[in-house]
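Right, one structure below, let's go through it.
The values are calculated or read from the model by the stated rules, or taken from the named source; none is laboratory data. For clarity, every value in this text was computed on a predicted model and none was experimentally measured. Methodologically, a virtual Cβ is constructed for each residue, glycine included, from the backbone with ideal geometry; neighbour enumeration extends over all protein chains shown.
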Amino acid sequence: MPELPEVETVRRTLSELITGKTIQNVTVSLPRIIQRPDDIEHFALELQGHTITDVGRRGKFLRIIMDGLVLVSHLRMEGRYGVYESEEPIEKHTHVIFHFTDGTELRYKDVRQFGTMHLFHPGEELTQKPLMKLGLEPLDDGFSLEAFTEVIGSRKTKIKVALLNQEYVVGLGNIYVDEALFKAGIHPEKVACELSGQELARLYAAIVQTLSDAVKAGGSSIKSYVNGQGEMGMFQHALQIYGRKAQPCVNCGAPVEKSVVGGRGTHYCPSCQPFVAAVAKKKQ
């Protein structure tokens with residue numbers, strides 16, 4: 001599933017490609033993708049004549065901003081957008097097409113068919129599902145160590161589970177949680193409220209650095225991710241722990257281990273991310 005760096009990369013490329021374009025009409029071939037309104041004819045009619053003014057992001061959601069409307073789109077597992085000339089062949093699994101007045105089209109393709117679209121009037125999208133309960137944005141100016149500590153430091157769940165919870169911090173998925181915890185030297189099964197102030201500070205810095213580096217690299221193309229121009233991300237070549245089961249740790253050479261935490265496959269170094277520290281602290 002695309003995480004914050006991948007969605008941010010899609011946002012940036014789409015912003016360059018579709019800002020200023022006006023929607024002539026919309027074709028929907030898979031109605032269940034359209035969650036709001038629940039009538040696809042109403043959805044298509046509402047969008048006619050609107051001009052795209054910007055493309056934003058909230059967590060893992062895209063916000064396609066228009067003059068009077070906002071389309072909230074979640075790519076889920078394998079959703080992707082691309083801009084095409086209208087005469088170009090339509091690829092299989094293309095479920096929504098936004099036809100522009102200039103003869104180009106924004107096409108949404110989704111092999112797994114898990115993506116969603118919600119249409120709102122401006123401002124409504126932030127107070128209703130699916131955006132209303134989202135947590136801190138880790139690349140925004142408001143993401144301070146104090147705010148991060150307040151949200152995460154009191155949680156009685158394993159730190160990996162806490163970081164995956166989008167109501168606490170948004171945009172973090174399996175890949176970048178593993179990477180940030182490794183960079184911070186924290187075992188993924190440590191309980192969040194048992195982390196020291198120094199550990200929380202290291203983790204905060206690791207999250208910001210990891211996501212910033214991933215955005216610069218265009219995200220990670222682990223499976224099928226590409227940006228709005230069909231280009232792969234490159235951060236997978238810089239991953240230090242994720243996907244490296246049984247390989248030598250890049251820091252100490254110990255074999256990387258993989259377990260399941262919160263139902264997710266989890267990579268960590270038992271030497272660089274010791275769990276005994278949390279156990280010892282608990283006994284004190």
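Mind listing whichever residues of segment 56-80 are more than 15 Å from the chain's Cα centre (by Cα) and assigned to a strand (DSSP E or B)? Working first, answer last.
Keep residues of segment 56-80 that are more than 15 Å from the chain's Cα centre (by Cα), which gives 64-71.
Listed by number, the residues that qualify are Ile64, Ile65, Met66, Val70, Leu71.
Looking at Val26, Val96, Val10, Val72, which is the one that is under 30 Å from Ser212 (Cα atoms), of a type in the set (Val, Ile, Thr) and modelled with pLDDT of 95 or more? Even if it seems obvious, please write down each step before you answer.
Values: Val26 fails: under 30 Å from Ser212 (Cα atoms); Val96 fails: under 30 Å from Ser212 (Cα atoms); Val10 fails: modelled with pLDDT of 95 or more.
After applying the criteria, what remains is Val72.
Collect the residues in segment 1-55 that are assigned to a helix (DSSP H, G or I) and of a type in the set (Ser, Thr, Tyr), keeping them in residue-number order. Let's see the steps before the verdict.
Step one: of segment 1-55, the residues assigned to a helix (DSSP H, G or I) are 4-18, 31-33, 40-47.
Selection gives Thr9, Thr13, Ser15.
Just give me the residues in segment 252-270 being part of a loop (DSSP other than H, G, I, E, B) and either surrounded by 15 or more Cβ atoms within 10 Å (Cβ to Cβ) or not assigned by TED's automatic domain parsing to the domain that holds Asn165 (or both), in sequence order. It would help to see each step written out before you state the result.
Here is the first cut: in segment 252-270, the ones part of a loop (DSSP other than H, G, I, E, B) are 252-254, 256, 262-263, 269-270.
Within segment 252-270, Val256, Gly262, Cys269, Pro270 meet the criteria.
With respect to the numbered conditions (1) in contact (Cβ under 8 Å) with a residue 24 or more places away in the chain; (2) not assigned by TED's automatic domain parsing to the domain that holds Ser196, which one is the sole condition not fulfilled by Met132?
(1)
Residues Thr149, Thr116: which one is under 25 Å from Arg80 (Cβ atoms) and either in contact with a Leu (Cβ under 8 Å, 6 or more places away or on another chain) or not assigned by TED's automatic domain parsing to the domain that holds Phe275 (or both)?
Values: Thr149 fails: under 25 Å from Arg80 (Cβ atoms).
Exactly one residue qualifies, and that residue is Thr116.
Need the failing condition index for Lys92 against (1) surrounded by 20 or more Cβ atoms within 10 Å (Cβ to Cβ); (2) part of a loop (DSSP other than H, G, I, E, B), just the number.
Looking at each condition in turn, Lys92 falls short on (1).
Filter segment 1-25 down to the residues that are hydrophobic (A, V, I, L, M, F, W, C), closer than 21 Å to Arg112 by Cα and surrounded by 20 or more Cβ atoms within 10 Å (Cβ to Cβ) and list them by number. Spell out how you get there, then give the answer.
Here is the first cut: in segment 1-25, the ones hydrophobic (A, V, I, L, M, F, W, C) are 1, 4, 7, 10, 14, 17-18, 23.
Next, only the ones that are closer than 21 Å to Arg112 by Cα stay: 1, 4, 7, 10.
Within segment 1-25, Leu4, Val7, Val10 qualify.
If I go through segment 17-49 residue by residue, how many of them are touching a residue at least 24 places away in the same chain (Cβ under 8 Å) and of a type in the set (D, E, K, R)? Explain how you work it out, then say what you get.
Looking only at segment 17-49, we keep the residues that are touching a residue at least 24 places away in the same chain (Cβ under 8 Å), and these are 17-30, 32-37, 43, 46-49.
Still in the list and also of a type in the set (D, E, K, R): 21, 32, 36, 46.
Adding up the residues that qualify gives 4.
Looking at segment 48-59 only, could you name the residues that are crowded, with 20+ Cβ neighbours inside 10 Å and more than 15 Å from Leu126 (Cβ to Cβ)?
Within segment 48-59, Ile52, Val55 qualify.
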